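One structure is given below, encoded as structure tokens.
The values are calculated or read from the model by the stated rules, or taken from the named source; none is laboratory data. Given the structure is predicted, the values throughout are model-derived calculations rather than measurements. Virtual Cβ from ideal backbone geometry, glycine too; neighbours counted across all protein chains shown.
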């Protein structure tokens, strides 16, 4: 039941419903576009490892992270039925092409940044800049939670960011442990063998000569349990991977772009982030990052990267 229901995501970039707690006044997440994968060599500093003080082959995922435009602040009130919107403020100067993503009000509320109702949580509204990296995409608009000891501290920090652009290097650092949220690659309508890894039927099965089906979907009752492998949509699900390490944050794309550019993506021109391991989703898909909520026992340590592969990823 870990990945049930296996249904399509509501939109092509994910929502984050649970944010970590932080006493420091800062934004708790960022976002970037998946460019591709490459490999690095990192010096192993774990004292109990058999490869201590040796270079270890490490695959990494490259995320191109153009600055995020912060154009709104929202205050929420906690109720027994969830959080409801208490107040909302927009910047005087809105990002370009924002009207392609949502309906922009003619007169945004910017005269006063004082909430008219009690609130318990603060989030900022940000917009991506796909035009800055030559991606023909509609700007993505989403919320990022704000950390702080009190709701007033969160609001004061959000006020200082309103109308500005935020870079990933101002928020995160090398060795940081983050959670990665993205929408996986869609694979269309598939049968139970590929979708769930069910076993093929025997050759002499009495029901049918077709081997790629399920022998039984339950007893004679009128309902079928949701755990029964059935055909349906495969992929295009919102998935979260916990405790991924940031190997490196850079500002020059030529430091990471391989010969000929990344397959189905091209060259990296803006700030980039190297995430250890794989990341869900295809190239050009937006990947969201947030500070980890399960990494209290992990001490962030800056990796010593000795080599980054720039070999061509275009294939033969």
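For region 91-103, the criterion of being free of Cβ contacts under 8 Å to residues at least 40 places away in the same chain, more than 24 Å from the chain's Cα centre (by Cα), exposed (fewer than 11 other Cβ atoms within 10 Å of the Cβ) and part of a strand (DSSP E or B) is satisfied by no residue at all.
Answer yes if at least one residue in region 66-83 is in contact with a strand residue (DSSP E or B) (Cβ under 8 Å, 6 or more places away or on another chain), surrounded by fewer than 16 Cβ atoms within 10 Å (Cβ to Cβ) and free of Cβ contacts under 8 Å to residues at least 40 places away in the same chain, and no otherwise. Yes: region 66-83 contains one or more residues that are in contact with a strand residue (DSSP E or B) (Cβ under 8 Å, 6 or more places away or on another chain), surrounded by fewer than 16 Cβ atoms within 10 Å (Cβ to Cβ) and free of Cβ contacts under 8 Å to residues at least 40 places away in the same chain.
All conditions but one from (1) under 16 Å from the mean Cα position of the chain (by Cα); (2) assigned to a strand (DSSP E or B); (3) surrounded by fewer than 16 Cβ atoms within 10 Å (Cβ to Cβ) apply to residue 307; the one that does not is (1).
Read through the list (1) more than 22 Å from the chain's Cα centre (by Cα); (2) under 30 Å from residue 295 (Cβ atoms); (3) part of a loop (DSSP other than H, G, I, E, B), then give the number of the only condition that residue 16 fails. All conditions are met except number (1).
Could you pull out the residue among 238, 227 that is at pLDDT below 90 and at negative phi? Quick ask: steps written out before the conclusion?
On the way: 238 fails: at pLDDT below 90.
Of 238, 227, the one residue that is at pLDDT below 90 and at negative phi is 227.
Before we move on, is residue 41 crowded, with 17+ Cβ neighbours inside 10 Å and touching a residue at least 24 places away in the same chain (Cβ under 8 Å)? It would help to see each step written out before you state the result.
Numbers: crowded, with 17+ Cβ neighbours inside 10 Å: no; touching a residue at least 24 places away in the same chain (Cβ under 8 Å): yes.
No; evaluated as a whole, the condition is false for this residue.
It is to be established whether one or more residues within region 208-218 are within 29 Å of the chain's Cα centre (by Cα) and buried (at least 17 other Cβ atoms within 10 Å of the Cβ). No: zero hits.
Going through (1) surrounded by fewer than 19 Cβ atoms within 10 Å (Cβ to Cβ); (2) part of a loop (DSSP other than H, G, I, E, B); (3) modelled with pLDDT of 85 or more one by one, residue 119 falls short only on (1).
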